[in-house]
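Remarks on the structure that follows.
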Amino acid sequence: MSLTLRVLAPDKSVFDDTVEEVILPSTTGLLGILPGHISMVTAIDIGVLKVRGSNGNWDSIALMGGFAEVESDDVTVLVNSAELGKNIDSTHAEKKLEEAKNALSKLDGEGNSPEKIKAKEALNKARARVQAVSMK
């Protein structure tokens, strides 16, 4: 048995294939999906989706938040943005992570200002891209 996984962003289809297992970064923690999983809808956090293909290899996709639906061995993930880990430039991703860390550290003592919230989100996105690229 297998699953059909589709990862869709507003501007493109990021992934569409048959897989053996999916691990989603839901807003309540990591969620493992295997064939025969119950139907459900869940919110997706900024993080890394891990997918095990029929060849047994694991791939990663950096997700930037959205929703996932599981229905009859079909997993559909609708996200704001997504990138295959194997397509991410690791040097650029590391540089963006450092920039995001520096931007956030400059806002220490700001409480929960809009600028600090945006900086935290940028850090989470940069961290997800680095994690996804480290799995390739």
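Can you compute the helix-only [θ] at 222 nm over the chain? Use -39500 (n - 2.57) per DSSP H run of at least 4 residues, normalise by all residues, nearest 500 deg cm²/dmol.
Using -39500 (n - 2.57) per qualifying helix, the result is -9500 deg cm²/dmol.
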Helix 114-134 axis, angle to the chain major axis (alpha carbon atoms, nearest 10°): 50
Cross-link pairs Lys95/Lys120; Lys86/Lys116; Lys96/Lys120; Lys12/Lys101; Lys50/Lys120; Lys12/Lys125 - those with Cα-Cα distance over 21 Å: Lys86/Lys116; Lys12/Lys101; Lys50/Lys120
Most mobile listed residue (Gly47, Gly111, Gly65) in the chain, GNM with C-alpha springs under 10 Å: Gly111
Tilt relative to the chain, helix 90-105 - C-alpha long axis, 0 to 90 degrees, to 10: 50
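If packing is taken as the average count of other Cβ atoms within 10 Å, what order do 100-106, 17-23, 52-58 fall into, highest mean first?
Going by the mean number of other Cβ atoms within 10 Å, highest first, we get 17-23, 100-106, 52-58.
Bear in mind that the values in this text are calculations on the coordinates, not laboratory data. In this text, all values refer to a predicted model and were calculated from it rather than measured experimentally. Here the Cβ is made from the backbone with ideal geometry for all residues, glycine too, and neighbour counts use every protein chain on show.
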